[in-house]
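Inspection log for the structure reproduced underneath, given as structure tokens.
The values are calculated or read from the model by the stated rules, or taken from the named source; none is laboratory data. In this text the structure is predicted, and so the values were computed from the model without any measurement. Using ideal geometry, Cβ is built from the backbone for each residue, glycine included, and neighbour counts are taken over all protein chains shown.
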Amino acid sequence: MPRQVPPPEIPPNIASLRPYSPGKPIAEVEREFGLTDIIKLASNENALGPSPAAIDAIKAHAGDVHMYPDGGCHDLRQALALHLGVNPAELTFGNGSDEIIHLLGLAFLRPGDQVIQGDPTFSRYESAVTLGEGECIKVPLREWRYDLEAIAAAVSPRTRIVFIANPNNPTGSYVTHAEVERLLERLPDGCVLCLDEAYYEYVDAPDYPDSVRFVQARANVVALRTFSKLYGLAGLRVGYGMSRPEIIRAIEQVREPFNVNHLAQAAAVAALSDRQHASLSRSMVAQGRQQLSDGLGALGLIVWPSQANFVWVDVLRPAKQVFDALLRQGIIVRTGDAFGADTFLRITIGTKDQNARLLDTMQKVLYP
């Protein structure tokens, strides 16, 4: 009889990690409730879908998937550098921008280092710190906005990275150019400021930070963006980071080879060229933000100002109950309990008709 061998010991920092919990998939709701007419307003996806040009590019390159992708993303690098007005050497690419968060941890964190973030915010910052055996300092939001003064006060000589989600997930709030400038003046040498701008294309606030200017003027700023939101390529996983070449080189040293697949690169290049689709996506979100904010407010709920493609709403009762009732009507949203906000829902902005259905169903749920 073979000797019984105990399983290997899991390091404490790995054992403490919590797997990411995504929004409930449509197929799961179909199986669970036997529904067919389902709308998903939970994961901040683009309700218009991808650009037709991106779909054509995927079809055109489908026969090439037996070959490894371009590890340096040459065509995408050149197209994006031209689009942004930056040096190609100032760009790095990831399997979604969340991979670059992970790579920043690998490149810059040593055991015992500190990372500062807001609370609540995107969970992958804390995961990067935990993997690096560092300490995560969580600074509470003030009225659901990042409090950069409090973050600056929390900085210590051990602080290696400050993460700012701008706009923030899950609240949709943003910090201004002047606020970021003041924070940068107070960061010590050797501390990286990461501006995570997954939703920046939806921002219309005039005082939103110009992160390209910060990246090009300072040696310690990284800006992250993605093709998952405005460009509707969430299923292909392609994001990018901008920084000075010396920081980009450090990220490249820890990046896995061929991390951005061939179809993702081709689709992203095509999506960049389709300005009409990008414009339609922005207009849909701008109008939908107003539609949901007005409609939810008319139901007596509290909707916080958003600059993203979702709204953060206090339903003034246990949000899980509202979530479950909406789910049974074929509408998937996201509860705030994962963020420590038990009466809140995060609702992705959909098409005009999807938003109207959400509002109609919400009224029936709240006032049967």
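Summary of values
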{"read-out": "Out of ALA223, ALA234, sole residue that is assigned by TED's automatic domain parsing to the domain that holds ALA267, within 13 Å of the chain's Cα centre (by Cα), buried (at least 21 other Cβ atoms within 10 Å of the Cβ) and not hydroxyl-bearing (Ser, Thr, Tyr)", "value": "ALA223"}
{"read-out": "Cβ pairs under 6 Å, 6+ apart, first in the stretch 69-94 and within 17 Å of PHE227 (Cβ to Cβ) and in the same structural domain as GLY239 (by TED's automatic domain parsing), second modelled with pLDDT of 95 or more and β-branched (Val, Ile, Thr)", "value": "CYS73/VAL260; ASP75/VAL269; LEU76/VAL269; ALA79/VAL269; THR92/ILE248; THR92/ILE251; PHE93/VAL260; GLY94/ILE100"}
{"read-out": "Every pair of residues 6+ apart whose Cβ atoms lie under 6 Å, when the first sits in the stretch 140-154 and is without any contact (Cβ under 8 Å) to a residue 40 or more places away in the chain while the second is outside any loop (DSSP other than H, G, I, E, B) and surrounded by fewer than 18 Cβ atoms within 10 Å (Cβ to Cβ)", "value": "PRO140/ASP119; ALA152/ARG186"}
{"read-out": "Residues being surrounded by 20 or more Cβ atoms within 10 Å (Cβ to Cβ) and not in a helix (DSSP H, G or I) - total across the stretch 96-112", "value": "2"}
{"read-out": "Enumeration of residues in the stretch 317-341 that are part of a loop (DSSP other than H, G, I, E, B), loosely packed, with under 14 Cβ neighbours inside 10 Å and not basic (Lys, Arg)", "value": "PRO318, GLY340"}
{"read-out": "Residue identified as assigned by TED's automatic domain parsing to the domain that holds PHE93, part of a helix (DSSP H, G or I), more than 26 Å from TYR202 (Cα to Cα) and within 21 Å of the chain's Cα centre (by Cα) among VAL129, VAL115", "value": "VAL129"}
{"read-out": "Failed item in (1) at pLDDT 95 or above; (2) at negative phi, with ASP337 passing the rest", "value": "(1)"}
{"read-out": "Scope the stretch 342-356; condition in a loop (DSSP other than H, G, I, E, B) and surrounded by fewer than 17 Cβ atoms within 10 Å (Cβ to Cβ); matching residues", "value": "ASP342, THR351"}
{"read-out": "Test: VAL222 is assigned to a strand (DSSP E or B) and either closer than 19 Å to ALA198 by Cβ or modelled with pLDDT of 95 or more (or both)", "value": "yes"}
